[in-house]
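Colleague: Dropping the structure in here first, questions after.
The values are calculated or read from the model by the stated rules, or taken from the named source; none is laboratory data. Computed from a prediction, not measured in an experiment: that's the story for all the values here. Virtual Cβ from ideal backbone geometry, glycine too; neighbours counted across all protein chains shown.
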Amino acid sequence: MNTARPGETNFGHPGAQSAFRAVKLLVGTYVALSVLTLVVIVVLRDHASVVNDAVWTRATIVVASSLLTSAFALRAARGSRGAYLRLRIVSAVMVLAIAVIVAVPGPFPVWMKIEQGVCGLVLIGVVTLVNGKRLRAVFAR
């Protein structure tokens, strides 16, 4: 008997629950890194060589994105197909955006490129898990 609401799926598969525990841990790490980075930017705001307008803009976008990613992960872990799809899309898009920021010369200082690289590695873990067979099978129609 399926007790899931429309747009949700029931899954008691232990592999799915384990995968979502890992996803939530990784996404939590992404949120923590993003918020910590914004705190560092606030502290160093008077040092133009390490904090410029591009850094402020990017950090704000990353914090917002990390919070959305967290909301999607939590809802997906409760069975929301829509949140699962959004989690897959947002995590992949952020990995691509981070790759561009790290690879292309531009207004971002080296310290931020390193921080973004770490965030990218964390998100690669999320992308790998949410696009893996186990979770795709759970949310297959």
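Colleague: For region 104-141: of the residues being outside any helix (DSSP H, G or I) and small (Gly, Ala, Ser), which is nearest to Ala59 (Cα to Cα)?
Modeller: Ranking the qualifying residues of region 104-141, first place goes to Gly106.
Colleague: Go through region 114-141 and report how many residues are crowded, with 17+ Cβ neighbours inside 10 Å and under 25 Å from Arg45 (Cα atoms).
Modeller: 4
Colleague: Being under 16 Å from Leu121 (Cα atoms) and more than 11 Å from the chain's Cα centre (by Cα) is true for just one of Leu96, Leu85, Leu74. Which residue is that?
Modeller: Result of the check over Leu96, Leu85, Leu74: Leu96.
Colleague: Farther than 30 Å from Ala137 by Cβ, modelled with pLDDT under 95 and part of a helix (DSSP H, G or I): is that true of Ile101 in this structure?
Modeller: For Ile101, the condition - farther than 30 Å from Ala137 by Cβ, modelled with pLDDT under 95 and part of a helix (DSSP H, G or I) - is met.
Colleague: Somewhere in region 34-49, is a residue touching a Ser or Thr at 6+ places or on another chain (Cβ under 6 Å), at pLDDT 95 or above and not in a strand (DSSP E or B)?
Modeller: Yes, region 34-49 contains a residue that is touching a Ser or Thr at 6+ places or on another chain (Cβ under 6 Å), at pLDDT 95 or above and not in a strand (DSSP E or B).
Colleague: OK, next. If the requirement is being part of a helix (DSSP H, G or I), surrounded by fewer than 16 Cβ atoms within 10 Å (Cβ to Cβ) and touching a residue at least 24 places away in the same chain (Cβ under 8 Å), which of these qualifies: Ala73, Ala54?
Modeller: Sole residue among the options that is part of a helix (DSSP H, G or I), surrounded by fewer than 16 Cβ atoms within 10 Å (Cβ to Cβ) and touching a residue at least 24 places away in the same chain (Cβ under 8 Å): Ala54.
Colleague: Right, another one. For region 50-80, enumerate the residues that are in contact with a Ser or Thr (Cβ under 6 Å, 6 or more places away or on another chain) and not β-branched (Val, Ile, Thr).
Modeller: Across region 50-80, the qualifying residues are Ala59, Ser66, Gly79.
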